[in-house]
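To keep things clear, I will list the structure first and then write my remarks on it.
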Amino acid sequence: MKQLAIILLTFYFLYESFGIAPKQTATIISGHTCVGPYAMIREGQSLLKEGDLVVRLNRDPASRYIKDLNPHDKKYSHSGIVLFENGHPFIFHMVSGEGNPGNELRKDPLSRFCDPRKNIAYAIFRYDMNSDEIKKLKDCINTWYKQEISFDFSFNLQSNDKMYCSEMISKALTKATNKRIQIETMKLTTNQAALFSAYTHLSFIYTSKLPIIPIDNLYTNPFCHLIKEYNYSIK
């Protein structure tokens, strides 16, 4: 009994001195450990580099419809590009609706862009671009930001004064890389065109002939690779 007491006291001393304690339950994301969505955002922010692509899935029903237009990966419904200002990363993106009444190109910190109260998941991707191309990308998007280009409700790829999120990123990449990186467009199926017509209030004749740039085409190409994916629903 005396020896047992000595062993127990020794274990207690080690426990108190060196912080030996049971492991907390945590979320495993792509091989790394994060605790909760806000920890996922903090970790993601530490990974961001200029020119990165950030995609997200919103909680609203419309986002579920948008992601289903993706031909390859149906996980995300919105996209933005990372640019730094005074050492801080911001996500530049085209968005319409209640969160952006002016419908203009806007910039948000990652914590707002990926807010867990409004989003389910997000991911960071990186394009294979050199420093000169990234500078041109930044100059291009900053010019559009100063011009206050607005959201394109007609989804017309021929106009440059109005754009939607994946269109803005695609055109910026093409310009910055002198057409080295070009994102493929796609035509909607008959059913997709009918649903898109109802969603956008555009005529079916128009949407059935409309080329669009789906979100997943921005990253399912040989010029882009995954940095990290985060899913807030994983416990």
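What follows draws every value from the coordinates through simple rules; no lab data is involved. Values in this document were obtained by computation on a predicted structure and should not be read as measured data. When we count neighbours, we look across all protein chains shown, and the Cβ atoms used for this are built from the backbone with ideal geometry, even at glycine.
Points worth noting:
- A simple spin-label model places the labels of Asp60 and Ser150 1.7 nm from each other, with each point 7 Å out along Cα-to-Cβ.
- Under 16 Å from the Cα of Lys118 - lysines, other chains or at least 8 residues apart: Lys67, Lys75
- Ignoring lysines fewer than eight residues from Lys136 along the same chain, the ones with Cα atoms less than 17 angstrom from its Cα are Lys49, Lys146, Lys171, Lys175, Lys179.
- Each residue of the range 36-51 is assigned a 3J(HN,Hα), and the resulting list reads x, x, 6, 5, 5, 5, 4, 5, x, 4, 5, 8, 5, 10, 4, x Hz, derived from the Karplus form 6.51 cos²θ - 1.76 cosθ + 1.60 (θ = phi - 60°), x at Gly and Pro.
- Here the Kirkwood formula, the inverse mean of 1/r across different C-alpha pairs, assigns the range 66-165 a hydrodynamic radius of 14.9 Å.
- Where GluC sites (Glu not before Pro) fall in DSSP loop in the range 99-162, at most 14 other Cβ within 10 Å: Glu148
- Note on Lys187: aspartates and glutamates with a C-alpha under 17 Å away, same-chain residues under 8 apart excluded, are Asp68, Asp73, Glu167, Asp216.
- Sparse-neighbourhood loop sites, trypsin sites (Lys or Arg not before Pro) in the range 109-169 - DSSP loop, at most 14 other Cβ within 10 angstrom: Arg117, Lys118
- Radius of gyration and maximum dimension Dmax of the range 182-235, Cα, Å: 15.2, 45
- For the range 81-235, the orientation-averaged shadow of the C-alpha convex hull comes to 10.6 nm² (one quarter of the hull surface).
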